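Read through the structure below, which is laid out as structure tokens, and then see the notes.
The values are calculated or read from the model by the stated rules, or taken from the named source; none is laboratory data. No experiment lies behind these values; they were computed from the predicted model shown. No Cβ is skipped: glycine too gets one built from the backbone with ideal geometry, and neighbour counts run over all protein chains shown. Surface accessibility is based on the protein's heavy atoms, side chains included, excluding ligands, DNA and RNA. Shrake-Rupley method; radii C 1.70, N 1.55, O 1.52, S 1.80 Å.
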Amino acid sequence: MDNVIAIDLGGTIVKIGLLRDGQLLDCVRLPAHLALGLRPNLPHIQQAIDRLLLTWQIEAGDLSGIGLAFPGLVNPIRSEVISTNQKYEDARSIRMDQWVENNWGVPFYMDNDARLAVAGEWRHGAGQGKRNVVMMTIGTGIGTGVVIDGRLLYGEHFQAGSLGGHFVLDYKGRRCSCGNKGCVEALSSSFFLPTIIREHPRLSDAFKREAERYDFKLIFESAQAGDKDARIVRDECMDIWAAAIITYIHAYDPEIVILGGGVMNSQEVIIPYVSERVQKWAWCPSGKVPIVPAVLGDNAALFGLAHIMIKRRQNERIHV
């Protein structure tokens, strides 16, 4: 049996999953103290892992490994964070492989969270049987992962396919946390939502005063209830997501585009709206690209970690 601990370090929630032979047995969710950095989160993550092992009566030595999905650029070969982009800013100074070795003495693996999410959906979810897949995750930030010709896309600096949230849609637009202007993330992510509301010229002053209390859940609920201001924000964000997906289709030529993230709780609104615009404007003379919701929900990166770690373990066995 391959027992794997998978950690998904999100902007709002940290998920710690126990997977056996690619199946999720249990999952603990902790609040993410994003602004405090990674180090203050580690004792809570350690306690959660130890509780999972105790609950399922698994010894640390019976783990195939522990993996981390990180919301930034990662060198998976050296298990190092390359860039954080204002998320867990202290992560570059922390050797997570040493932390895992000191606490459990097992192999460690880490990679970009969106790349791991597409790996999960590709092997266990909406992308099964496909060789060319793009996944867009919409949440605190916006991430992408890409599979081309049956292989995860990495590139020279391990960032290929991962920066879809920083494709520029308006070069005169809002300054993004990455330093550029008009990125998809700056125009339509949860992190920027209060700023989007406060700076929007068509929204009422009353709505703008409440900017800090809005997340996408409330925006979609309010729009559904008939709030005109919420509907403007909702529809413009979906327009941005559709424009980004068209760019991804032109760049990567996928068979399918998968949408994930917490916002997909409103998939009954998002999928038809975005699909209509993508099918109308994407240049796809050989056939339209379907836009589908993630099957694994916000657990996709956990499944992706388990898949990659098991494959790495099998390769090691082959070479022994």
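Taking θ = phi - 60°, what integer Hz values does the Karplus form 6.51 cos²θ - 1.76 cosθ + 1.60 yield along the range 269-277, in sequence order, with x for Gly and Pro?
For the range 269-277, the Karplus-derived couplings read 9, 5, 4, x, 5, 5, 4, 4, 6 Hz, x marking Gly and Pro.
How fast does the range 45-123 diffuse by Stokes-Einstein, in µm²/s, taking the Kirkwood radius from C-alpha pairs at 4 °C and 1.567 mPa s? Don't skip to the answer; put the middle values down first.
Working: Rh = 13.6 Å.
Taking Rh from Cα pairs, D becomes 95 µm²/s.
Specify, per residue and in Å³, the volume enclosed by the convex hull of the alpha carbon atoms belonging to the chain. Don't skip to the end; give the middle numbers.
Numbers: hull volume 44.6 nm³, N = 320.
Dividing the Cα hull volume of the chain by its residue count gives 139 Å³.
Quick one: of K15/K280; K172/K288; K130/K181; K15/K311; K228/K280, which pairs are farther than 29 Å apart, Cα to Cα?
Values: K15/K280 37 Å; K172/K288 31 Å; K130/K181 34 Å; K15/K311 22 Å; K228/K280 25 Å.
In this structure, K15/K280; K172/K288; K130/K181 lie more than 29 Å apart at Cα.
Under the rule of -39500 (n - 2.57) per DSSP H run of 4 or more residues, summed and divided by the residues of the chain, what mean residue ellipticity at 222 nm is obtained, to the nearest 500 deg cm²/dmol?
Numbers: 10 runs with 120 residues, N = 320.
Estimated from H runs of four or more residues: -11500 deg cm²/dmol.
Could you check what % of the DSSP bridge pairs in the chain are antiparallel, to the nearest 5? Intermediate results must be reported in sequence, preceding the final value.
Numbers: 28 of 47 bridges.
Looking only at bridges with both residues in the chain, the antiparallel portion is about 60 percent.
Normalised by the number of residues in the range 168-265, what is the relative contact order in percent for Cα pairs under 8 Å and 6+ residues apart? Please report the intermediate quantities before stating the final value.
Working: 89 pairs, mean separation 19.5, N = 98.
Rounded, it is 20 percent for the range 168-265.
List the residues whose amide H sits under 5 Å from the amide H of D2, counting only those 5 or more places along or on another chain, with H placed 1.01 Å from N in the peptide plane.
Those qualifying (amide H under 5 Å, at least 5 residues apart or on another chain) are D21.
Place a point 7 Å from Cα of Q279 in the direction of its Cβ. Which residues in the range 243-261 have their backbone N less than 20 Å from it?
Hits in the range 243-261 for Q279 at 20 Å: 243-250, 253-260.
Would you tell me the accessible area of R312, worked out with a 1.4 angstrom probe on the heavy atoms of the protein chains, in Å² to the nearest 10?
Using a 1.4 Å probe on the heavy atoms, I get roughly 100 Å².
Work out, step by step, the length gained on full extension between L218 and H250: first 0.36 nm times the residue separation, then minus their alpha carbon distance; give nm to one decimal.
Stretched fully, the L218-H250 segment lengthens by 8.3 nm.
Only Cα pairs under 8 Å and at least 6 apart count here; give the relative contact order of the chain as a rounded whole percent. If you can, show how the numbers build up before the last one.
Working: 626 pairs, mean separation 59.7, N = 320.
In percent, rounded to a whole number, it is 19.
Please list, short to long, the whole-number percent of alpha-carbon pairs of the range 268-320 in consecutive 5 angstrom bins beginning at zero.
Once binned at 5 Å, the Cα pair distances of the range 268-320 give 4, 16, 14, 12, 12, 11, 12, 9, 6, 4, 1.
Would you mind getting me the FRET efficiency between N75 and V269? Use the beta-carbon distance for r and R0 = 35 Å, nearest 0.05. Before the final figure, lay out the partial values.
On the way: r = 38 Å, r/R0 = 1.09.
With R0 = 35 Å, the Cβ-Cβ based efficiency is 0.35.
Can you figure out the FRET efficiency of N180 with M1, using R₀ = 35 Å and their beta-carbon distance, to the nearest 0.05? Before the final figure, lay out each step's value.
Details: r = 46 Å, r/R0 = 1.31.
The formula returns an efficiency of 0.15 here.
List the GluC sites (Glu not before Pro) within the range 246-320 that DSSP assigns to loop and that have no more than 15 neighbouring Cβ atoms inside 10 Å. Mind dumping the intermediate values first?
Numbers: sites: E255, E268, E276, E316; in loops: E255.
Passing sites in the range 246-320 are E255.
Can you list the residues, at least 5 places off or on another chain, whose amide H is less than 5 Å from the amide H of G67, using H built in the peptide plane?
Residues meeting the criterion, in which the H sits 1.01 Å from N, are I5, A6, I7, Y109.
Check which residues have an amide H placed less than 5 Å from G127's amide H, if you skip close sequence neighbours.
HN-HN under 5 Å from G127: W122.
In square angstrom, rounded to the nearest 10, how much accessible surface does F158 have for a 1.4 Å probe?
In the full protein context, F158 sits at about 40 Å².
For the range 79-134, rounded, prolate or oblate, judged on the Cα gyration tensor with a ≥ b ≥ c (square roots of eigenvalues), a/c < 1.5 rounded, else prolate if a/b > b/c? Intermediate values should be presented prior to the final figure.
Values: a/c = 3.89, a/b = 1.70, b/c = 2.29.
Judged from the Cα gyration tensor, the range 79-134 comes out oblate (a/c at least 1.5, b/c at or above a/b).
If DNA, RNA and ligands are ignored and the probe is 1.4 Å, what is the ranking of Y171, Y214 by accessible area, most exposed first? Show your work: numbers first, answer last.
Working: Y171 170, Y214 20 Å².
The ranking, largest first, comes out as Y171, Y214.
State the three equivalent ellipsoid semi-axes of the range 162-320, derived from the C-alpha gyration tensor as the square roots of 5 times its eigenvalues, in descending order and whole Å.
After diagonalising the Cα gyration tensor, the semi-axes are 32, 19, 17 Å.
Helix 228-252 versus the longest principal axis of the chain: what angle, 0 to 90°, nearest 10, using Cα atoms?
60 degrees
Which whole-Hz ³J(HN,Hα) couplings does the range 131-140 yield from phi under the Karplus relation 6.51 cos²θ - 1.76 cosθ + 1.60, θ = phi - 60°, glycine and proline marked x?
10, 9, 9, 10, 10, 10, 10, 10, x, 3
Of the heavy-atom accessible surface of the range 263-320 (probe 1.4 angstrom), what whole percent is carbon and sulfur? Kindly include the intermediate steps, with their values, before the conclusion.
Working: 1910 of 3390 Å².
Carbon and sulfur together cover 56 percent of it.
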